[in-house]
């Protein structure tokens, strides 16, 4: 399941606020800020972050998704972020 349009709008607002405050957060904390629940909440966020990462890259903008990190790699996005980056072709 993907984030709903309403959740995507809220996620963009929250992410922009984090960027302005220069405050990265974990995927888990981001899901709490979005008030998501359920076993797939992190996967839903990751899928959305992958989407906006590709949009940012194609537009030549900073990668907003880098503000969200994995608790397993504090301060860094999950390994999937870097795999996605390596596989870009445009």
Exercise for review: Round to the nearest 10 and give me the degree value, 0 to 90, for the angle of helix 5-21's Cα axis relative to the longest principal axis of the chain.
Suggested key: 70
Point to revise | Separation in nanometres of the label points that stand 7 Å from Cα toward Cβ, at residue 13 and residue 61 | key: 1.7
Check your understanding: To the nearest 10 degrees, how steeply does helix 41-59 sit against the main Cα axis of the chain, on a 0 to 90 scale?
Key -> 30
**Study point:** Relative contact order of segment 5-86, pairs being alpha-carbon contacts under 8 Å that are 6 or more residues apart, as %
**Key:** 30
Practice item. Tell me the Kirkwood hydrodynamic radius of segment 1-53 in angstroms, computed as one over the mean inverse distance between distinct C-alpha pairs. Key: 11.1
Practice item. Would you kindly state how much longer the chain becomes between residue 33 and residue 6 on full extension, computed as 0.36 nm times their sequence separation minus their alpha carbon distance, in nm to one decimal? Key: 8.3 nm
Study note, to complete from the structure: PRE zone check, label point 7 Å out along Cα-to-Cβ of residue 71, amide N under 12 Å, scope segment 30-62, hits 30-32
Exercise for review: Would you please calculate the Kirkwood hydrodynamic radius of segment 23-75 over all C-alpha pairs and express it in Å, rounded to one decimal?
Suggested key: 11.6
Exercise for review: With P(r) over Cα pairs in 5 Å bins from 0, in percent in mind, check (1) 3, 14, 26, 28, 20, 8, 1; (2) 3, 17, 30, 24, 18, 7, 1, 0; (3) 3, 18, 32, 26, 16, 4, 0 and report the label derived from this structure.
Suggested key: (1)
Review point. Mind checking which of 57, 11, 65 has the largest fluctuation in a GNM of the chain, springs on alpha carbons under 10 Å?
Key: 57
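Only the coordinates and a few stated rules stand behind these numbers; no lab work does. These figures come from a predicted structure and were not determined experimentally. With ideal geometry, Cβ positions are generated from the backbone for all residues, glycine too; neighbour counts draw on all protein chains shown.
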